[in-house]
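The values are calculated or read from the model by the stated rules, or taken from the named source; none is laboratory data. Since the structure is predicted, the reported quantities are computational estimates derived from the model, not experimental observations. Neighbour counts are summed over all protein chains in view; Cβ atoms, including those assigned to glycine, are modelled from backbone coordinates with ideal geometry.
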Amino acid sequence: MFITLNDWKGIVVDIDAIPEEWDSKWELLPEIGKKKILLCGINKERLKKIKSNGEALLISEETPFEPLLFYHKAYAHILELLGSKSAQTVVITGSRGALKQAQNCGISSIFYCKEEEIPAELITMLPDHIAQSWEDIEKIIGQECAGYLAERRVQRYANQQKDQDTLMRTIQTELEIDETHTCPLIAAGRYFSQNDPRAYGHQLSKRVLLHKWEDTAQTEIFTEIYREIIKSAAWESIDAITRIPPKDSRQFDRFAEITKAIAADTSAEDLSDSLICVKKYGSQRTLNRAEREANVQGAFEMKKRVDGKQIVLLDDILTSGSTAQEAAKQLYVAGAKKVTVVVLAIKQDINRFLEDALQPIRCRKCGGEMQLRINRTTQEAFFGCRELYNKEAPCTYIESYQKGLERRNLDAGFFHEQEDRYLF
């Protein structure tokens, strides 16, 4: 699934939402003999033309991409044609509705977006991959593109593996600060909250939580990720760097070492001591967007002038953006020329459709739920029984991260109402 690069066996193409000039190129993919490619859409003439030029391609006039109430049934039929499971299948589309349907079925996604900047309505339902051109499609299918930078990096970090020749992507969009200011936003991955089924096995989400819980062991990998983000972006200059300040001056500042390191790398001024929190605002967790904005209003203060400076503002998770907006506003009030917000991940909308399909794997020894854990010494991720640290009756069964994901993908599926079996 989306959690790791899979050996996709089936590719579903939504022809109605991608460029027509791609139609003659699908059969030329090097993977054509290894993967089945199914093209579907409502444009029958276009499908007929594609079929006449590509004998190795599968064509279906039945499409799951229309606004159907029972699109799960259409996907079940599509997967039968491909002979693959959801975890072995990827959908290529440029339609927001089709993307959401694929995500609701636990199917990997490649979203076509011509512009480099992601539309604002997509940032809370990000696809697994973003393609801006046919060349991007070739790289993704050929596994030359590893997805989002932060998600890939945390998976490879513990094993000290390198992705030297693999493309990794960041997400770029804008935040509105007030009537006269906007902020470029650069993110390096997705964050799934604990009650989202996709959080299970997602290393970046787990490590961000550990970092919030004052696990300083995550500082090293996060510093490296921020370095890569900043290195990959096109900057006029970086004059100063800071972060969202902790709510209380006595609270652990989990960004202190990170901002110090990035400031040294870029020869920029570290403004962490100057941007402070002056209001103890409550938890944002259960608040809607308007409530979040009101909650943090007036929470920050910039103690010195930064006239004409270009500033990088760091945070770990962007949810509504209200906290970053309020902090950036204070930097602009203090004279900043430009503020760029850089985050590890953007919080994704919770997907309730996958609660039945994506069940936790079970311990082979006691039958209990297996949980994603991080070894504090090696920083390697693994799955361990939830009773692993039970002092009275511990269960010491563990599995490697990769093996656990493979087990979960194998078991993933949803119940088809007409057939008493799991299709996926």
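Kindly indicate whether any position in the range 81-97 is over 27 Å from the mean Cα position of the chain (by Cα), surrounded by fewer than 20 Cβ atoms within 10 Å (Cβ to Cβ) and either of a type in the set (A, V, I, L, M, F, W, C) or farther than 30 Å from ALA233 by Cβ (or both).
Yes, some residue in the range 81-97 is over 27 Å from the mean Cα position of the chain (by Cα), surrounded by fewer than 20 Cβ atoms within 10 Å (Cβ to Cβ) and either of a type in the set (A, V, I, L, M, F, W, C) or farther than 30 Å from ALA233 by Cβ (or both).
Yes/no matrix, rows are residues, columns are (1) farther than 30 Å from SER108 by Cα; (2) at pLDDT 95 or above:
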{"position": "ARG190", "(1), (2)": "no, yes"}
{"position": "ASP215", "(1), (2)": "yes, no"}
{"position": "ILE230", "(1), (2)": "no, no"}
{"position": "ALA264", "(1), (2)": "yes, yes"}
{"position": "ASP270", "(1), (2)": "yes, yes"}
{"position": "ARG289", "(1), (2)": "no, no"}
{"position": "GLU293", "(1), (2)": "yes, no"}
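Can you name the strands (runs of 3 or more DSSP E) wholly within the range 96-210 that have at least 1 residues being in contact with a Leu (Cβ under 7 Å, 6 or more places away or on another chain) and over 15 Å from ALA345 (Cβ atoms)? First the steps, then the outcome.
On the way: elements: 108-112, 129-131, 145-148, 167-169, 171-176, 182-187.
In the range 96-210, 108-112, 145-148, 171-176, 182-187 are the strands (runs of 3 or more DSSP E) which contain 1 or more residues that are in contact with a Leu (Cβ under 7 Å, 6 or more places away or on another chain) and over 15 Å from ALA345 (Cβ atoms).
Considering only residues that are surrounded by fewer than 17 Cβ atoms within 10 Å (Cβ to Cβ) and of a type in the set (Gly, Ala, Ser), look in the range 23-56 and name the one that is farthest from ILE92 (Cα to Cα). Can you show your working first?
Step one: filter the range 23-56 for residues surrounded by fewer than 17 Cβ atoms within 10 Å (Cβ to Cβ), giving 24-25, 27-28, 30-34, 42-46, 48-49, 51-53, 55-56.
Pick out the ones that are also of a type in the set (Gly, Ala, Ser) and you get 24, 33, 52, 56.
Working: SER24: 16, GLY33: 18, SER52: 21, ALA56: 18 Å.
Selected residue: SER52.
Scan the strands (runs of 3 or more DSSP E) fully inside the range 324-405 and keep the ones with 1 or more residues being among the polar types (S, T, N, Q) and outside the structural domain of GLY308 (by TED's automatic domain parsing). Walk me through how you get there before you give the answer.
Working: elements: 338-347, 370-374, 381-385, 398-400.
In the range 324-405, the matching strands (runs of 3 or more DSSP E) lie at 370-374, 398-400.
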Practice prompt. Would you confirm whether any residue within the range 295-303 is of a type in the set (S, T, N, Q) and either outside any loop (DSSP other than H, G, I, E, B) or closer than 19 Å to PRO184 by Cβ (or both)?
Written response: yes
If you go through ASP307, ASP316, the only one that is surrounded by fewer than 15 Cβ atoms within 10 Å (Cβ to Cβ) and either at pLDDT 95 or above or part of a loop (DSSP other than H, G, I, E, B) (or both) is ASP307
Residue hits (the range 394-424; surrounded by fewer than 16 Cβ atoms within 10 Å (Cβ to Cβ) and either touching a Ser or Thr at 6+ places or on another chain (Cβ under 6 Å) or modelled with pLDDT under 90 (or both)) are GLN402, LEU410, PHE415, HIS416, GLU417, GLN418, GLU419, ASP420, ARG421, TYR422
Among LEU204, LEU209, the single one that is modelled with pLDDT under 95, outside the structural domain of SER95 (by TED's automatic domain parsing) and either closer than 17 Å to LEU314 by Cα or crowded, with 20+ Cβ neighbours inside 10 Å (or both) is LEU209
Counted residues in the range 356-377 being of a type in the set (Val, Ile, Thr) and surrounded by 12 or more Cβ atoms within 10 Å (Cβ to Cβ) come to 2
Taking the range 242-264 and keeping residues under 18 Å from MET302 (Cα atoms) and either among the hydroxyl-bearing types (Ser, Thr, Tyr) or in contact with a helix residue (DSSP H, G or I) (Cβ under 8 Å, 6 or more places away or on another chain) (or both) leaves THR242, ARG243, ILE244, PRO245, SER249, THR259
| query | Is it fair to say VAL296 is surrounded by fewer than 19 Cβ atoms within 10 Å (Cβ to Cβ), farther than 21 Å from VAL208 by Cα and among the β-branched types (Val, Ile, Thr)? | reply | no
Only unsatisfied item for ALA336, checking (1) modelled with pLDDT of 95 or more; (2) more than 23 Å from GLU257 (Cα to Cα); (3) surrounded by fewer than 20 Cβ atoms within 10 Å (Cβ to Cβ), is (3)
